[in-house]
Each structure stands twice: as C-alpha cells, then as structure tokens.
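Worksheet: one structure, shown below.
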Amino acid sequence: MKELMRSSDPTNIAFAKALLSGEGIEWFELDVHMSVLEGSIGILPRRLMVADRDHFRAEAVLVDNDVDLGR
C-alpha cells in the first residue's frame with residue numbers, strides 16, 4: 001500500500017474517497033481514531049492509502065478533480 005494523500009480536513013478526505021470509489025479504486029483510511037488521543041481538535045492528519053498497482057491512477061483522479069494531496 002502507498003500513501004495517496006494526507007489531510008486534517010474531513011470533507012477533503014470524504015470527497016477523495018467518493019471519487020476513488022466511483023472509479024472502482026479500493027482505499028484504506030489510516031489514523032481515523034487518532035482524534036480520540038488528540039482531544040478531537042483535528043490537528044493530526046488522516047492518511048488515505050491505496051494499493052501500489054492503483055496509486056498512479058488514483059493520484060490522477062484526485063489531481064484532475066483539484067483535490068489537495070497534502071504533500
């Protein structure tokens with residue numbers, strides 16, 4: 001798995017997941033429950049991961065739709 005994007009904005013992550021799902025690209029979100037440790041203030045970014053074989057296509061989909069990859 002490769003990191004596709006990182007963001008502390010939940011709407012950015014949700015939009016990216018919807019785009020990827022629409023293209024049939026499987027994703028996995030990391031650090032979702034870190035907000036419990038940080039006190040739910042949203043400073044720790046979530047990471048969106050995809051399979052190595054899908055990374056190029058997934059990145060192209062997000063860039064084409066002006067999604068900030070957080071890099």
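The values are calculated or read from the model by the stated rules, or taken from the named source; none is laboratory data. None of the values given here were measured: they were computed from a predicted structure. Cβ atoms come from the backbone with ideal geometry, glycine included; neighbour counts cover every protein chain shown. Note: accessible area is taken over every heavy atom of the protein model, side chains too, but ligands, DNA and RNA are not part of it. Shrake-Rupley method; radii C 1.70, N 1.55, O 1.52, S 1.80 Å.
Residues with beta-carbon under 12 Å from that of Ala60, excluding Ala60: net charge, scoring Lys, Arg +1 and Asp, Glu -1? Walk me through the numbers on the way to the answer.
Values: positive: Arg57; negative: Glu23, Asp54, Glu59, Asp64.
Here the charged neighbours net out to -3.
Relative to a virtual label point 7 Å from the Cα of Lys17 in the Cα→beta-carbon direction, which members of region 43-64 show backbone nitrogen distances below 13 Å?
So the set is 46-49.
Give me the accessible area per residue for the chain, probe 1.4 Å, as a whole number in Å².
Numbers: 4530 Å² over 71 residues.
About 64 Å² of surface per residue is accessible.
For the chain, what does the helix formula give at 222 nm: sum of -39500 (n - 2.57) over DSSP H segments with n ≥ 4, over the residue count, nearest 500 deg cm²/dmol?
Details: 3 runs with 28 residues, N = 71.
It lands at -11500 deg cm²/dmol.
Can you compute the modelled spin-label distance between Ile43 and Val63, with each label point 7 Å from Cα toward Cβ, in nm?
3.3 nm
Students often get this wrong, so try it: which of (1) 11.2; (2) 4.4; (3) 4.8 is mean projected area of the Cα convex hull in nm² as calculated from the structure shown?
(2)
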